[in-house]
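Asker: Take this structure, written in structure tokens, and hold onto it; I'll ask about it next.
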Amino acid sequence: MGMVQLCVNIDHVATVRQARRTWEPDPGWAAVEAQLGGADGITVHLREDRRHIQDHDLPRLRSLVTCRLNLEMAATDEMIGIALALRPDTAMLVPERRAEITTEGGLDVAGQRGHLAAVVRRLRSADIPVSAFIDADPAQVDAAIDCGFDICEIHTGPWAHTFHDHGRDGTRPGPQAELARVRAAGARVIAAGLRFNAGHALTGANVPPIAALPGLHELHIGHSIVSRAFFVGLREAVREMKSIIRAAAAAAASTHTSPPAHRPGGAP
């Protein structure tokens, strides 16, 4: 098992800035701090309503990010044009609804095969690898494979919420069922030769079983890291999360057994 990488989403830094429509906190500086803390990548989501990251942030981030820059985006002509101009290291297609607070579910690739396959071709023609943010559903994985995606990021929200609802006890049947769904989806992704990533609603408490999944390449985490940064600083918050991820992945690699189920009392 290779080392699981951490891509830090800094959207919520921009959310605080946009609450006052001012200049701080600066997402660019957040990207620098996250990298100094050990981030392997930086993620930003340019939403159609521009609720946090703004257009002017993108070229500055492109110049400041020395690791990988991942652009989350809707599969629209406007966003494709922006991605082609920015040339991020990866483009991740996500669903987007104006009324949602945050992304609420995976992209329905199976229901939009023709459109999404065309979007993937346009981005890949510019040498931009393309990721699909999808639910842990075999039909969605198969559709993403058919559309030519390079990466599948499996939505871990159901795992995270079930873990919380069961007292943060990952050994109980509900959380174990959700973890099994993510594991099976990841195995399907890897078998097809695509990269297996995961993310959404992950925290220091619920990430270890996900980080221990076989073949996982990268985790995308934002809200919990930015929340922790209020108390310890962004650089340290990234270091803490990387340490938790590395410990879980190393434990799984050394035992060669099923991923450990996290019990109550983990990190907040």
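Asker: Whole-Hz Karplus ³J(HN,Hα) for segment 113-123, in order, using 6.51 cos²θ - 1.76 cosθ + 1.60 and θ = phi - 60°, x for Gly and Pro?
Answerer: Taking θ as phi minus 60°, the curve returns 4, x, 5, 5, 4, 5, 5, 4, 4, 5, 6 Hz for segment 113-123.
Asker: Just for the Cα atoms in segment 132-268, what are the lengths along the principal axes, largest first, rounded to whole Å?
Answerer: 44, 31, 30
Asker: Would you mind computing the Rg to Rh ratio of segment 75-156 from its alpha-carbon coordinates, Kirkwood style for Rh? Walk me through the numbers before you get to the answer.
Answerer: Numbers: Rg = 12.1 Å, Rh = 12.8 Å.
Result for segment 75-156 is an Rg/Rh of 0.94.
Asker: Using 10 Å bins from zero, what percent of all Cα-Cα pairs in segment 169-220 falls into each bin?
Answerer: Histogramming segment 169-220 at 10 Å steps yields 24, 56, 18, 1 percent.
Asker: Let me check against my output: what whole-number percent is the relative contact order of segment 1-94, with C-alpha pairs under 8 Å and at least 6 apart?
Answerer: In percent, rounded to a whole number, it is 26.
Asker: Same structure again: Contact order normalised by length for the chain, with contacts defined as Cα pairs under 8 Å and 6 or more residues apart; what percent is it? Before the final figure, lay out each step's value.
Answerer: On the way: 521 pairs, mean separation 53.9, N = 268.
Contact order relative to length: 20 percent.
Asker: Report the Rg/Rh value for segment 109-205, based on alpha-carbon coordinates and the Kirkwood definition of Rh.
Answerer: Expressed as Rg/Rh, it is 1.05.
Asker: Please give the length that would be gained between ASP165 and ALA253 if that part of the chain were fully extended, namely 0.36 nm times their separation in residues minus their C-alpha to C-alpha distance (nm, one decimal).
Answerer: Taking 0.36 nm per residue and subtracting the Cα distance, the gain is 28.8 nm.
Asker: P(r) of segment 12-105 in 5 Å steps, Cα pairs, percent per bin?
Answerer: Result, from short to long distances: 3, 13, 25, 25, 20, 12, 2 percent.
Asker: Can you give the Rg/Rh ratio of the chain, where Rg is from the C-alpha atoms and Rh is the Kirkwood radius?
Answerer: Looking at the chain, the ratio lands at 0.94.
Asker: Using Stokes-Einstein with the Kirkwood hydrodynamic radius over Cα pairs, what translational diffusion coefficient do you get for segment 183-258 at 4 °C and a viscosity of 1.567 mPa s, in µm²/s rounded to a whole number?
Answerer: D, rounded to a whole number, is 99 µm²/s.
Asker: In a shell of Cβ-Cβ distance under 12 Å around ILE151, excluding ILE151 itself, what net charge do Lys and Arg (+1) and Asp and Glu (-1) give?
Answerer: Values: positive: ARG68, ARG124, ARG195; negative: ASP89, ASP150, GLU153, GLU218.
That works out to -1.
Asker: Let me ask something additional. At a Förster distance of 25 Å, what's the computed FRET efficiency of ASP49 paired with ALA117, Cβ-Cβ distance as r, to 0.05?
Answerer: 0.40
Asker: Which of the trypsin sites (Lys or Arg not before Pro) across segment 1-50 are loop residues per DSSP, with 15 or fewer other Cβ within 10 Å? Before the final figure, lay out each step's value.
Answerer: Details: sites: ARG17, ARG20, ARG21, ARG47, ARG50; in loops: ARG21, ARG47, ARG50.
For trypsin sites (Lys or Arg not before Pro) across segment 1-50 that sit outside H, G, I, E and B with at most 15 neighbouring Cβ atoms in 10 Å, the list reads ARG21, ARG50.
Asker: When a footprinting reagent is the concern and you count Cβ atoms within 10 Å, what order do TRP23, TRP159, TRP29 take, fewest first?
Answerer: With the fewest neighbours first, TRP23, TRP159, TRP29 line up as TRP23, TRP29, TRP159.
Asker: While we're looking at this one, here's another question. Looking at segment 54-161, which trypsin sites (Lys or Arg not before Pro) are in a loop (DSSP not H, G, I, E or B) and have at most 14 other Cβ atoms within 10 Å?
Answerer: Sparse-neighbourhood loop trypsin sites (Lys or Arg not before Pro): ARG97, ARG98.
Just so you know, all these numbers are worked out from the coordinates, no wet-lab data involved. This is a predicted model, so every value here is computed, not measured. When we count neighbours, we look across all protein chains shown, and the Cβ atoms used for this are built from the backbone with ideal geometry, even at glycine.
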